[in-house]
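The values are calculated or read from the model by the stated rules, or taken from the named source; none is laboratory data. Here the structure is a predicted model, which is why all the values come from computation and not from measurement. Neighbour counts are summed over all protein chains in view; Cβ atoms, including those assigned to glycine, are modelled from backbone coordinates with ideal geometry.
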Protein chains: 4
Amino acid sequence: MARISKEARVQVRLRLLASAAQHFAEHGFKGANINQISVDAGFAKGTVYNYFSSKEELFSAILAVGTEETVRRYRARDLPDNLRDHLQAIVEEDVALVLEQEAMAKVFVRELLSSSPTTRELVHAGIAPLVVLVVELLEGSQSRGELRQDRSATELSTAFLGMITMAYVQNWSSDGRRPTWEELPAFVVSMFLDGALA
Amino acid sequence: MARISKEARVQVRLRLLASAAQHFAEHGFKGANINQISVDAGFAKGTVYNYFSSKEELFSAILAVGTEETVRRYRARDLPDNLRDHLQAIVEEDVALVLEQEAMAKVFVRELLSSSPTTRELVHAGIAPLVVLVVELLEGSQSRGELRQDRSATELSTAFLGMITMAYVQNWSSDGRRPTWEELPAFVVSMFLDGALA
Amino acid sequence: MARISKEARVQVRLRLLASAAQHFAEHGFKGANINQISVDAGFAKGTVYNYFSSKEELFSAILAVGTEETVRRYRARDLPDNLRDHLQAIVEEDVALVLEQEAMAKVFVRELLSSSPTTRELVHAGIAPLVVLVVELLEGSQSRGELRQDRSATELSTAFLGMITMAYVQNWSSDGRRPTWEELPAFVVSMFLDGALA
Amino acid sequence: MARISKEARVQVRLRLLASAAQHFAEHGFKGANINQISVDAGFAKGTVYNYFSSKEELFSAILAVGTEETVRRYRARDLPDNLRDHLQAIVEEDVALVLEQEAMAKVFVRELLSSSPTTRELVHAGIAPLVVLVVELLEGSQSRGELRQDRSATELSTAFLGMITMAYVQNWSSDGRRPTWEELPAFVVSMFLDGALA
DNA sequence: AATGAATGAGTCTTCATTCAT
DNA sequence: GATGAATGAAGACTCATTCAT
């Protein structure tokens, strides 16, 4: 019974994580209710504790999912040697993932300002893969003279990721009106590279 | 200890608001502790309730401060007829205010994603003055052909304000390393108008 | 200024007592709010404490009013030598007083079952004058052979006062429909003396 | 400690109700302490909330017990066709029940004057079965010409039930001296039917 | 492994009481 | 003497966590 059991265990874990992400996204860490998370995942109150030893651990598990998958999917694509296409591919893959895991994405944004050092580190660790990828990309471009040099690649990446994040927030806050998820990648990349000037 | 002057009452209120902003910013609405807010303001735990009838009302009072002051200070300045200077003035004044009221600013950012409709409305109402100002400015510029026309002024303002917000978050998260508060306005405006390309 | 001052003090005290009776009657001892009592009496929060040293003392002062006045008014009347008329006079005077001090009367009834020994004693002391009067009256009647002898005058008085009390409760609970205050004395006395049989 | 039997759950509920009745009877609704109720029932302070969602609901549950059982027991008896015996049977059964559920009975009496409309309605609903029974009995007697006709059956029932209630109060207040529980039914019925006259 | 009853620390809120003005 | 700001004990209620079944 081992294998099936193991597989089943993973499935239960995923259901719990999905439910938890939903609650943490909507109510914050303190406001989320562990028992309700369990119930909404289709189990009884205590069941979370068979998979996570505490609320903190459950929360960490969500942040641990992170942006690795975004990077993996981006790398799996075959792209022309062109910064604009690469950046757009990144945003496209991130949007795709955010749409799949909307709740988890919201948790990240929500906890960006958390005071708890632990939480902050988890958030930073979670988005690190994406940050590293973008910084490397921009550094390469800078060294080829394609990008402005008055700002470090790190600063530029902050602006880029900031624009992505705020586009998400805007979309969530406006119930998905503008920019829509489809046009979001092109919009963000264009604003980032070309600026607003005519 | 009765019959303190009206002025004294206002001062107490401000101390409570400042303490509350700090706590809400650090721990979120649910995580903030009313008693601790009162104690950290230098009073006994029950004292908040002499000034605010509930945690909700205290929270609302913070968000009600809003961005009116930013707009007011911006309008008080005498600026050349130049989009770049106007945008930079806005960011400068906003940064100045954020530095004065850092905790309150964090509360806004933190609650952007709150699920409670009430909270979300309060946040939107709080930043409305700034949004209106920026949209008007960009619309004027668009009509003079200075800005790209493929995006609405509203979308462009989202990008602009998003970059400001994320620059704040970045600064807070990195303990003020880069971009520093001083160079932040020029950085944001340049990225917004000129883009990252060389 | 002494005399006027003294008079004024008494008036203030009475207003506070009246307001307090209202609150104690409606919400019970624990449920009554001292500050509200003061405000409803037309003063500021703390003012009660210039007249009563604690909630307990204020409460006691109400119960101390008692039934002396009922007895006094009854004795002031010139009545034929007839048990029925005497009993009816007692009820009439008590009803008159209850109508004047409805709130205080309700406090008595409400606290009949209070567990606090102090309160219970106060209630008993308050109604003692009336109990004594009725018992004496019934004893005299018994000694003249007018009343049944199988029950002590004390037991009979319990029945009599109980019927009065419950008639009040009934009247209050039914918003004064039946029995009305006017017909109440005759009804109670007749039920007590004659019974329900045809 | 999960999955206790249904029966066990009912037992816990009863223990909580008994403890609650005690507290509400002694201190009134506002004065009763939920935590203490739970502790005195032998549980931790929060346990009440696993069975009742609020203090109000717990209180209602007590009043909901009502006088149905008294009526049921009375109807189960085989009685001669005689008003006096029927009335006495009612009081006997009510006394029996009051002795079993003394605390709950006190709650009823205590809350008769409560200002909260909800509470008052609950009390009235609780005693309704008994009121209906007595009124029907008296109406039948009146139609057979056994009872005085100058008062409605409803008014007469008020007097009867009022005498019962006050006999209880008297007994509780005097620590059970007179009338004793045993002689109470005969006393009340005799006073009600025959009056005090010799 | 899942359940859900029990626990008890923790939090919002009320309010009797004090006392500076 | 009146005021009402400040206090802090107390209490209703929540919920993360434990653990017997």
**Q.** Selection from the range B:41-64 of residues that are away from DNA strand E (no atom under 11 Å from the Cβ) and within 14 Å of another protein chain (Cβ to nearest Cβ)
**A.** none
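Just to check your reading of the model, which residue among C:152, C:173, C:141 is touching a helix residue (DSSP H, G or I) at 6+ places or on another chain (Cβ under 6 Å) and of a type in the set (S, T, N, Q)? Break it down stepwise before answering.
Details: C:152 fails: touching a helix residue (DSSP H, G or I) at 6+ places or on another chain (Cβ under 6 Å); C:173 fails: touching a helix residue (DSSP H, G or I) at 6+ places or on another chain (Cβ under 6 Å).
Sole residue among the options that is touching a helix residue (DSSP H, G or I) at 6+ places or on another chain (Cβ under 6 Å) and of a type in the set (S, T, N, Q): C:141.
Which residue out of B:110, B:72 is farther than 19 Å from residue B:172 by Cβ and among the basic types (Lys, Arg)?
The unique qualifying residue is B:72.
With respect to residue A:85, determine if the residue is surrounded by fewer than 18 Cβ atoms within 10 Å (Cβ to Cβ) and away from DNA strand F (no atom under 12 Å from the Cβ).
Values: surrounded by fewer than 18 Cβ atoms within 10 Å (Cβ to Cβ): yes; away from DNA strand F (no atom under 12 Å from the Cβ): yes.
Criteria met by residue A:85.
Can you name every residue in the range D:168-198 that is hydrophobic (A, V, I, L, M, F, W, C), out of contact with any Phe, Trp or Tyr (no Cβ under 6 Å at 6 or more places or on another chain) and within 20 Å of residue D:129 (Cβ to Cβ)?
Of all residues in the range D:168-198, those hydrophobic (A, V, I, L, M, F, W, C) come to D:169, D:172, D:181, D:184, D:186-189, D:191-193, D:196-198.
Now restrict to residues that are out of contact with any Phe, Trp or Tyr (no Cβ under 6 Å at 6 or more places or on another chain): D:169, D:172, D:181, D:184, D:186-189, D:191, D:193, D:197-198.
Within the range D:168-198, D:188, D:189 qualify.
Results for (1) away from every other protein chain (no Cβ under 11 Å); (2) under 26 Å from residue C:80 (Cβ atoms); (3) not basic (Lys, Arg), shown as yes or no for each residue.
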{"site": "C:117", "(1), (2), (3)": "yes, no, yes"}
{"site": "C:123", "(1), (2), (3)": "no, no, yes"}
{"site": "C:138", "(1), (2), (3)": "no, yes, yes"}
{"site": "C:148", "(1), (2), (3)": "no, yes, no"}
{"site": "C:155", "(1), (2), (3)": "no, no, yes"}
{"site": "C:159", "(1), (2), (3)": "no, yes, yes"}
{"site": "C:163", "(1), (2), (3)": "no, yes, yes"}
Q | Which numbered condition residue B:28 misses (of (1) surrounded by fewer than 18 Cβ atoms within 10 Å (Cβ to Cβ); (2) at positive phi) | A | (1)
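Is it fair to say residue D:157 is surrounded by fewer than 21 Cβ atoms within 10 Å (Cβ to Cβ) and hydroxyl-bearing (Ser, Thr, Tyr)?
On the way: surrounded by fewer than 21 Cβ atoms within 10 Å (Cβ to Cβ): no; hydroxyl-bearing (Ser, Thr, Tyr): yes.
The answer is no for residue D:157.
Quick one: count up the residues across the range A:4-32 that are within 16 Å of residue A:56 (Cβ to Cβ) and away from DNA strand E (no atom under 12 Å from the Cβ). Outline the logic, then answer.
At the first step, the residues of the range A:4-32 found to be within 16 Å of residue A:56 (Cβ to Cβ) are A:16-17, A:20-21, A:23-24, A:27-32.
With the extra rule that they be away from DNA strand E (no atom under 12 Å from the Cβ), the set shrinks to A:17, A:20-21, A:23-24, A:27-29, A:32.
Counting residues in the range A:4-32 that are within 16 Å of residue A:56 (Cβ to Cβ) and away from DNA strand E (no atom under 12 Å from the Cβ) gives 9.
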Q) How many residues are outside any helix (DSSP H, G or I), more than 8 Å from DNA strand F (Cβ to nearest atom), closer than 17 Å to residue A:109 by Cβ and not polar (S, T, N, Q) when one looks only at the range A:23-72? A) 1
(Q) Please go through the range C:189-198 and give me each residue that is surrounded by fewer than 21 Cβ atoms within 10 Å (Cβ to Cβ) and either at the interface with chain D (Cβ under 7 Å from one of its Cβ atoms) or aromatic (Phe, Trp, Tyr) (or both), ordered by number. (A) C:193, C:194, C:195, C:197, C:198
**Q.** Residue count for the range C:167-188, restricted to those that are crowded, with 19+ Cβ neighbours inside 10 Å, modelled with pLDDT of 90 or more and at the interface with chain D (Cβ under 10 Å from one of its Cβ atoms)
**A.** 2
Q: Find the helices (runs of 4 or more DSSP H) located wholly in the range D:84-198 whose residues include 2 or more that are in contact with a strand residue (DSSP E or B) (Cβ under 7 Å, 6 or more places away or on another chain), and list them.
A: D:117-143, D:184-194
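Can you tell me which residue among A:18, A:8 is in a helix (DSSP H, G or I) and under 19 Å from residue A:172 (Cβ atoms)? Show your work before the answer.
Values: A:8 fails: under 19 Å from residue A:172 (Cβ atoms).
Just a single option satisfies the conditions, and that option is A:18.
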